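Taking it in order: structure first as C-alpha cells, then the write-up.
Only the coordinates and a few stated rules stand behind these numbers; no lab work does. Predicted model only: the values in this text are computed from it and were never measured. For neighbour counting, all protein chains shown are included, and Cβ atoms are generated from backbone atoms with ideal geometry for every residue, glycine included.
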Amino acid sequence: MKAICPKNLKHKRFLTTAHVMQEWVVDEHGNFIKCADDCLEVTEEPSPCNVWHCNVCMTEAKVTED
C-alpha cells in the first residue's frame, strides 16, 4: 500500500484510522474514566479503503495497493 499527497509529493505522513485495543480505568458500572495505557494491541491496521489525509496540508491522499 502507498499513500501519495496529490498537492505535494514531498509530504510523506498521513492521517487515517486504525483499530486498537486499550486498557481503561472504569468505575464500578464500567463507565470510562481514562486510558490506563497507550495501546495494548492493534486489532485492525489502516486500510487503503479508509479516507487518508496528508498530515501536512490536510489534502485527501490517493492510496494504492502496491
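Taking the residues in the stretch 1-26 that are in contact (Cβ under 8 Å) with a residue 12 or more places away in the chain and charged (D, E, K, R) as candidates, determine which candidate is surrounded by the most Cβ atoms within 10 Å (Cβ to Cβ).
Restricting attention to the stretch 1-26, the residues satisfying the condition of being in contact (Cβ under 8 Å) with a residue 12 or more places away in the chain are 1-8, 11, 13-24.
Remaining after also requiring charged (D, E, K, R): 2, 7, 13, 23.
Details: K2: 10, K7: 14, R13: 9, E23: 11.
Selected residue: K7.
Find all pairs meeting these conditions: Cβ atoms under 9 angstrom apart; at least six residues apart or on different chains; first residue within the stretch 35-51 and touching a residue at least 24 places away in the same chain (Cβ under 8 Å) and closer than 20 Å to E65 by Cα; second residue among the charged types (D, E, K, R) and surrounded by 12 or more Cβ atoms within 10 Å (Cβ to Cβ).
These pairs meet every condition: V51/E60.
Taking the stretch 27-66 as the region of interest, how many residues are surrounded by fewer than 12 Cβ atoms within 10 Å (Cβ to Cβ), assigned to a strand (DSSP E or B) and aliphatic (A, V, I, L, M)?
So the count comes out to 2.
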